[in-house]
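The values are calculated or read from the model by the stated rules, or taken from the named source; none is laboratory data. Here the structure is a predicted model, which means the values were calculated and not measured. Every residue, glycine as well, gets a Cβ built from its backbone with ideal geometry; the counts of neighbours run over all protein chains shown. Protein only, heavy atoms only, side chains kept; ligands, DNA and RNA dropped before computing areas. Shrake-Rupley method; radii C 1.70, N 1.55, O 1.52, S 1.80 Å.
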Amino acid sequence: YGEDRLTIEFEQKAAELLGKEAALLVLSGTMGNLVAAMTHSRPGQEVIVGDDTHFYNAEVAGYARVAGLACRPLPSGPQGMDPAAVEAAIRPGSSTHRPTTGLIIVENTDNRGGGTVVTLERMQQLSEVAARHAVPVHIDGARIFEAAVALGVGPDDLCMWGDSVTFCLTKGLSAPLGAALAGNVRVARIDRQQHS
């Protein structure tokens, strides 16, 4: 409810670190990813995601049960999903036979992919594909700070290519629980208005 000073300060610092307008403290990265998926898409749409990502493999299919979304998994290569494959997989417009693409999720680092770091160049390429088709990008950045260190860049440099991002407090910081979901408030409001 916005009454806890420390939570407000944490959310402001998280948004600042990731180069976003606002952030929300949530209980887990799984919760943050689900909230992001529900914010950017609507029931009956599909999410393009790497086949070895946490969202697809280890979040108890909350995307289907809670959000009413389908996943379209693509192979995760040594740098994550191939931008050309993502572009080919996007299903535009409406159809009575297939779901439209509502969201692209990029995991950085890719935990099940051996800690693969998605480079700035690849993040930019995926973002450009998404922009051409007016599809938002969410970054599952559970370990986004580790990715930033590996690439020698700031976390905001990686996050600028996504509309929203989650990071976990349970990873590098070893907190017992917690994550943050950050994004741009204007983008979320526009998405909700378009889908209501």
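With respect to residue 106, is the statement that it is within 17 Å of residue 162 (Cβ to Cβ) and either without any contact (Cβ under 8 Å) to a residue 40 or more places away in the chain or out of contact with any Lys or Arg (no Cβ under 7 Å at 6 or more places or on another chain) (or both) true? Here the answer is yes, as residue 106 does meet what is asked. Would you check if residue 25 is closer than 15 Å to residue 168 by Cα, assigned to a strand (DSSP E or B) and open to solvent by 50 Å² or more (accessible area, probe 1.4 Å)? Yes; evaluated as a whole, the condition is true for this residue. On the basis of being among the basic types (Lys, Arg), free of Cβ contacts under 8 Å to residues at least 24 places away in the same chain and either open to solvent by 50 Å² or more (accessible area, probe 1.4 Å) or out of contact with any Leu (no Cβ under 6 Å at 6 or more places or on another chain) (or both), does residue 20 make the cut? When the stated conditions are applied, residue 20 does not pass them.
Please specify each residue of the stretch 76-100 satisfying the condition of being assigned to a strand (DSSP E or B) and buried (at least 17 other Cβ atoms within 10 Å of the Cβ). If you could, list the steps in order and put the result at the bottom.
First, the residues of the stretch 76-100 that are assigned to a strand (DSSP E or B): 77-78, 80.
80, the sole residue that qualifies.
There is no residue in the stretch 36-48 that is closer than 17 Å to residue 161 by Cβ and part of a loop (DSSP other than H, G, I, E, B). Across the stretch 34-75, the number of residues qualifying as within 26 Å of residue 115 (Cβ to Cβ), small (Gly, Ala, Ser) and open to solvent by less than 30 Å² (accessible area, probe 1.4 Å) comes to 4.
Evaluate the following for residue 87: is it under 17 Å from residue 127 (Cβ atoms) and of a type in the set (D, E, K, R)? Yes: the conditions hold for residue 87.
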